[in-house]
Amino acid sequence: MVKQNRWELQTQIVIVRALPGLGDLLCAIPAWRSLRAALPQAKITLIGLPWAKTFVSRFRQYIDELWEFPGYPGIPEVSPQITDLPKFFTRIQQQHFDLALQMHGNGNIINSFTVLLGAQANAGFYLPGQYCPDPERFLPYPASEPEVWRHLRLMEFLGIPLQGTDLEFPLTEEDFVALNAIPAVKHLTRKEYVCIHPGASVAERRWSTKKFAIVADFLVKRGLQVVLTGTTAEIEVTQAVRSQMQHGDCVIDLAGHTSLGAIAALLNQAKLLVCNDTGVSHLAAALKVKSVVIFSASDPHRWAPLDRDRHRILSTYSPVSCEEASHQRCLREDCTIATITKNANQRLIPPEAVIAEVENLLSEVTYV
């Protein structure tokens, strides 16, 4: 209770989490929900990437405003304009934050950025043996925990009561309007279609398009509608799946046609999702939509949905320590174990294994 009372005095809070993925922010929501419940009157600012503006507008109950991350030497997400950094720090120091929370990574580089924000107190993660701004408020980075729990452990450490582990993604009327404006959607029947998302931002995380095609053909033969989803950059991926299907003329390809809100509305009415480990997996978890998630070159212990009944995981992932990979300790912000595999086995998951998990989920009573 001593730590909790201390944080009640914090009315201006800034959070540093300038990461590019939808899952990166969704996995932090349980921690931010806890923070808001403990400090309902605080003004909470996120320092994030430009795309997070729409995310923040959707989660106003937890985050009040966004400041765009200007980049910082050693942080790969943004190439910094070094001459502009003094101006940024001057402006943000004038906000007189009470607390700066480093939730970006292990803190090896980003902790110095966080301290330069000029808050009265700093808290977050640090990598043992590296710079720790305040031992009383910085937690050794819990690299062995799932991503959701990494941030919840920080809340626990700071004496902030937890408010559950569920992800969230609030839907709006505008999301359904955007979805229904897509002509092909009128052919879909609620809870009678399955979404297949064969893309991923990193090519190594993509399962074979041919195998996705086999799964899609199975679903068509089972009497279900199939919808291919993806970003504009993933149009070629969905086209490859469709071209390799026996019944490609039976599927609806919405790649490049959906906004984030529209694809969330689409998933909300789907019977099931089959996908790689990518942002849409976390979106399905937030919407409590059943899913089968295929892990290739990423760690399922860290990134898979926590509910393993609703979400089925297939993986051949074999982690290699950073020491094995490069013969030196890895100090990357987002990594203490490299997401690489010992051999090129990431595509060895057979379509029959995915189909078996699909069948299991389809045969179960729908969750309420």
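The values are calculated or read from the model by the stated rules, or taken from the named source; none is laboratory data. Since the model is a prediction, treat every value here as computed from it, not as a measurement. Backbone-built Cβ (ideal geometry, glycine too); neighbour counts: all protein chains shown. Side chains are part of the model used for accessible areas, which takes the heavy atoms of the whole protein and leaves out ligands, DNA and RNA. Shrake-Rupley method; radii C 1.70, N 1.55, O 1.52, S 1.80 Å.
Observations on the structure shown:
- Share of carbon and sulfur in the accessible heavy-atom surface of the stretch 161-294 [1.4 Å probe, %]: 50 percent
- In the chain, the DSSP-assigned H stretches of four residues or longer account for a calculated mean residue ellipticity at 222 nm of -9000 deg cm²/dmol, using -39500 (n - 2.57) per stretch and the full residue count as denominator.
- Accessible surface ranking that places the most exposed of R205, R308 first, with a 1.4 angstrom probe: R308, R205
- Surface accessible to a 1.4 Å probe, D249 within the full protein complex, Å²: 130 Å²
- Solvent-accessible surface ranking, highest first, for T316, T238 at 1.4 angstrom: T316, T238
- Note that the stretch 132-215 presents 46 Å² accessible area per residue, ligands and nucleic acids not counted, probe 1.4 Å.
- Cα gyration tensor shape of the stretch 45-168, rounded if a/c is under 1.5, else prolate or oblate by comparing a/b with b/c: oblate
- Net charge of neighbours whose Cβ lies under 14 Å from the Cβ of T172, counting Lys and Arg as +1 and Asp and Glu as -1: -2
- Rounded if a/c under 1.5, otherwise prolate or oblate - the stretch 230-294, Cα gyration tensor axes: prolate
- Given +1 at the Cβ of Lys and Arg, -1 at the Cβ of Asp and Glu and no other charges, the dipole of the stretch 155-287 around its Cα centre is 620 debye to the nearest 20.
- Accessible surface, 1.4 Å probe, highest first, among residues K211, K186, K43, K87: K186, K87, K43, K211
- Exposure of H247 as accessible area (Å², to 10), given a probe of 1.4 Å and all protein chains: 60 Å²
- Surface exposure of the stretch 8-91, expressed per residue as accessible area with a 1.4 Å probe, stands at 42 Å².
- Dipole-positive endmost among A213, L167, I294 within the chain (Cβ charges, Cα centre): A213
- Computed Kirkwood radius, in angstrom, where 1/r is averaged over Cα pairs of the chain: 21.7 Å
- Rounded percent of accessible protein surface that carbon and sulfur make up, the stretch 38-83, 1.4 Å probe: 53 percent
- Exceeding the 32 Å Cα-Cα cut-off - candidates K53/K87; K87/K288; K186/K221: K87/K288
- Converting phi to 3J(HN,Hα) with the Karplus coefficients 6.51, -1.76 and 1.60 and the offset θ = phi - 60°, the stretch 101-106 yields 9, 8, 10, 7, x, 6 Hz in sequence order, with x at every glycine or proline.
- Eligible aspartates and glutamates near K211 by straight Cα distance, threshold 13 Å, same-chain separation 8 or greater: E352
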